[in-house]
1. Out of the residues in the range 259-279 that are of a type in the set (Val, Ile, Thr) and over 18 Å from the mean Cα position of the chain (by Cα), which is farthest from GLY195 (Cα to Cα)?
2. Since ALA230 meets every condition but one in (1) of a type in the set (Gly, Ala, Ser); (2) buried (at least 24 other Cβ atoms within 10 Å of the Cβ); (3) over 12 Å from the mean Cα position of the chain (by Cα), which condition does it not meet?
3. Out of the range 363-383, which residues are over 20 Å from VAL410 (Cβ atoms) and either of a type in the set (S, T, N, Q) or in contact with a Lys or Arg (Cβ under 9 Å, 6 or more places away or on another chain) (or both)?
4. Take the range 399-429 and flag every residue that is surrounded by fewer than 20 Cβ atoms within 10 Å (Cβ to Cβ), under 27 Å from the mean Cα position of the chain (by Cα) and at pLDDT below 80.
5. Report the residue count in the range 378-394 for those that are crowded, with 16+ Cβ neighbours inside 10 Å and under 22 Å from VAL298 (Cα atoms).
6. Applying the selection to the range 322-346, what residues are outside any strand (DSSP E or B), modelled with pLDDT of 85 or more and not aliphatic (A, V, I, L, M)?
7. Which of the residues spanning the range 24-40 are within 19 Å of the chain's Cα centre (by Cα) and crowded, with 16+ Cβ neighbours inside 10 Å?
8. Looking at the range 122-153 only, could you name the residues that are crowded, with 17+ Cβ neighbours inside 10 Å and among the basic types (Lys, Arg)?
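The values are calculated or read from the model by the stated rules, or taken from the named source; none is laboratory data. Since we're looking at a predicted model, the values are computed, not measured. Because the Cβ atoms are built from the backbone with ideal geometry, glycine has one as well, and the counts that use them run over all protein chains shown. Ligands, DNA and RNA are excluded from the accessible area calculation, which covers all protein heavy atoms including side chains. Shrake-Rupley method; radii C 1.70, N 1.55, O 1.52, S 1.80 Å.
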Amino acid sequence: MEVHKFGGTSVSSEEGLRTLEASAASGHVIVVSALAGVTDALEDFVRRAAEGSADPTPILERHREFIAEHLEQRHEEVESFLKDMESLLHSVVTVLEQLGRPEERLRDLVLSLGERASARIVAAYLRELGIKAVAYDAWDVGLVTTDDPGNADIIRWDGTRSRLLRDLRSGRVPVITGFIGRSDRGHVTTLGRGGSDYTATVLAGVLGSRSVIWTDVDGIMTADPELVDAEVVERLSYEEAVMAGASGAEVIHPKAVEAAKNLGVTVLIGNSFTGEIGTVISDSTEPGPKVVASRDDVALIRVSGARMVDEPGVVGRVTSALGNAGVNLLAVFTTVSEPYINLLVEETNLKSAEEALNGLDYDWEVDKDVGLVTVIGEGMSARDVSEFLAACEEFDLLGSAHRVVAVSVVVPESEIREVTRRLAERLLV
């Protein structure tokens, strides 16, 4: 018995559904995301509702098209939920039109509908195949989250193990919503990017089993295959997987890996189109470089000024101001010889960062045309690091992490492909 998570593209394809059927027939717990494209459509719906131009019809039709294609019978549970979904979306339009802006709790409530509809449709699909599947919202099996809209954490699972084992022992297959939860205050929440992987991993920890993440790629790759020739990495440690995800290899989010580490869960990543497992994430791995990750959604802020030279606590003052503004700092690096601080932030945080820096008496400038390239590998040798330094000697280095050596370099955005290729050739052969 394992916990198998299926993403939106997996649920929405014939090949993915075959893998789903095999997993359910083997008696595994199933966690599902919304149908492909539905979460984005619901996100857009919330924005348009605040502007007074939202129409829920395309979202409902997306589900009805899937039902018409894959289900042969009427399923009262599915039809009833879609009617309730339509009614709720119309109500949200009325409320948000009056507010004139999106509202975070309503946003989470609306986004939850994608997973909730998917779980009911998938369970119905499996029942038509002769599998005794039952759909659950995450809170139905006892998952409780923090009360943080858009990025909640799962904090309790009272009774979850006994409920799931009761179903499994009686031959029923639980089909559970990923990505969503409910707080102890009763608010529906979403778990942030990678939320369905996170749900599956927590459930696997509760059950003492493995978590299998079925997606539309073969696994975590040695590098972005759109930039260089790349291969699947067969095994990563938890620490390496966290660093890879944070550095741009987005097959599984660091939040899910952290949960796996804390709960002692082995995570397998496979391609639902082929049914093959590609990458295994666990507590150990072979030493050496494994992944060259890159991301271009970053901005470099240089804070400068002559008065910074003799001013004590300047780094703390700057980083505290940014932290108080909710800015996630990806890196902070300084030099002794020059009076400046370099700050690397996600572009989505740039406006908040600029507002925070405007409140300080320093000069600063922003470069948005940069990227971050990182080599990840536990136990990299001195030779590996030397090769990295030789390949990137013309760029600013960000240093390395303890135990998991993750050496990063900031490069012009136009140089990401070349630096990635150069590092892959030197270190991953």
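1. Here the answer is THR274.
2. Every listed condition holds for ALA230 apart from (2).
3. Looking only at the range 363-383, we keep the residues that are over 20 Å from VAL410 (Cβ atoms), and these are 378-379, 381-383.
Result: GLU378, GLY379, SER381.
4. Matches in the range 399-429: GLY399, SER400, ALA401, HIS402, ARG403.
5. Initially, the range 378-394 is screened for residues crowded, with 16+ Cβ neighbours inside 10 Å, giving 378, 380, 384-385, 387-388, 391-392.
Then drop every residue that is not under 22 Å from VAL298 (Cα atoms), which leaves 388, 391-392.
Matching residues across the range 378-394 total 3.
6. GLY323, ASN324, GLY326, ASN328
7. Quick first cut of the range 24-40, residues within 19 Å of the chain's Cα centre (by Cα) only: 30-40.
If the condition is that a residue be within 19 Å of the chain's Cα centre (by Cα) and crowded, with 16+ Cβ neighbours inside 10 Å, then ILE30, VAL31, VAL32, SER33, ALA34, LEU35, ALA36, VAL38, THR39 are the ones that fit.
8. Correct list: ARG127 only.
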